[in-house]
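Heads up: the structure comes next, in structure tokens.
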Amino acid sequence: MNRTAPHLFLLIAGLAAFAAAPATQPSFQITTRKPDDVVAVKAEAAQTVFDITCPSGIGAATIVPQAQQGDWPDVVVVRLHLTGLESLILSKGDKSIAAEVSTQPGHARRLRLSGSANAMPEITPDSPFWMEIKAFDAQGKLLDPARDLPPKVGYFEMIVPKTLLEAGGKQARELKIEWVDFFRN
């Protein structure tokens, strides 16, 4: 009997299992301002999604990659289950992106950049801080941005610019997210 055949089979089976094993998902320390707010981390395709639900419509979260994981994933998506987005602030290091989606017809999207050396200039599509704000219905169907806001169970979604995730270098690890669906009187 050939004694190397079983060992060779086990070696090949082990390599196949190793190759088929999913890559380790990054882990994060997440804190929310309100206990009812939930931030779920999802790995979808080649991106990490922070899926945020907020019953009150106003909230905040701080997300920090765990030390052993190192840097931020290449593609970070923020998904907010809100029906309006009158204010969104994404901050890391000394940079912040302030965004809004108008509730007026046309639903214009506006983005501004703040940091230690500037006073809220508008972010244009040619800026490395630009991010598109998309709206989806409950089934994940992309809505017409000029005509529709998400319905009650829809959501807004944006890819966080890599430039923002790199802001502040390695010592600035926290990504802070603040949101308001509709301002209240």
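The values are calculated or read from the model by the stated rules, or taken from the named source; none is laboratory data. Everything quoted here is computed from the prediction, not taken from an experiment. Virtual Cβ from ideal backbone geometry, glycine too; neighbours counted across all protein chains shown.
Take Leu113 and tell me if it is crowded, with 17+ Cβ neighbours inside 10 Å, of a type in the set (A, V, I, L, M), without any contact (Cβ under 8 Å) to a residue 60 or more places away in the chain and under 18 Å from Arg79 (Cα atoms).
The answer is no for Leu113.
Any chance region 154-166 includes a residue that's touching a residue at least 60 places away in the same chain (Cβ under 8 Å), more than 18 Å from the chain's Cα centre (by Cα) and not in a strand (DSSP E or B)?
no
Test of understanding: among Ser91, Ser87, which residue is modelled with pLDDT of 90 or more, surrounded by fewer than 18 Cβ atoms within 10 Å (Cβ to Cβ) and farther than 19 Å from Gln47 by Cβ? Let's see the steps before the verdict.
Values: Ser91 fails: surrounded by fewer than 18 Cβ atoms within 10 Å (Cβ to Cβ).
Unique residue meeting the criteria: Ser87.
Step by step: first the residues of region 122-147, then only those that are touching a strand residue (DSSP E or B) at 6+ places or on another chain (Cβ under 6 Å) and part of a loop (DSSP other than H, G, I, E, B), then the one that is nearest to Glu86 (Cα to Cα). Which residue is that?
Within region 122-147, the match that is nearest to Glu86 (Cα to Cα) is Ile133.
If you scan region 103-120, which residues turn out to be farther than 20 Å from Trp179 by Cα and touching a strand residue (DSSP E or B) at 6+ places or on another chain (Cβ under 7 Å)?
Correct list: empty.
Would you confirm whether or not region 98-107 contains a residue that is more than 19 Å from Val41 (Cα to Cα), among the β-branched types (Val, Ile, Thr), surrounded by 14 or more Cβ atoms within 10 Å (Cβ to Cβ) and in contact with a Leu (Cβ under 6 Å, 6 or more places away or on another chain)?
Yes, because at least one residue in region 98-107 is more than 19 Å from Val41 (Cα to Cα), among the β-branched types (Val, Ile, Thr), surrounded by 14 or more Cβ atoms within 10 Å (Cβ to Cβ) and in contact with a Leu (Cβ under 6 Å, 6 or more places away or on another chain).
Quick check: anything in region 128-145 under 20 Å from Lys176 (Cα atoms), surrounded by fewer than 18 Cβ atoms within 10 Å (Cβ to Cβ) and not charged (D, E, K, R)?
Taking every residue of region 128-145 in turn, at least one turns out to be under 20 Å from Lys176 (Cα atoms), surrounded by fewer than 18 Cβ atoms within 10 Å (Cβ to Cβ) and not charged (D, E, K, R).
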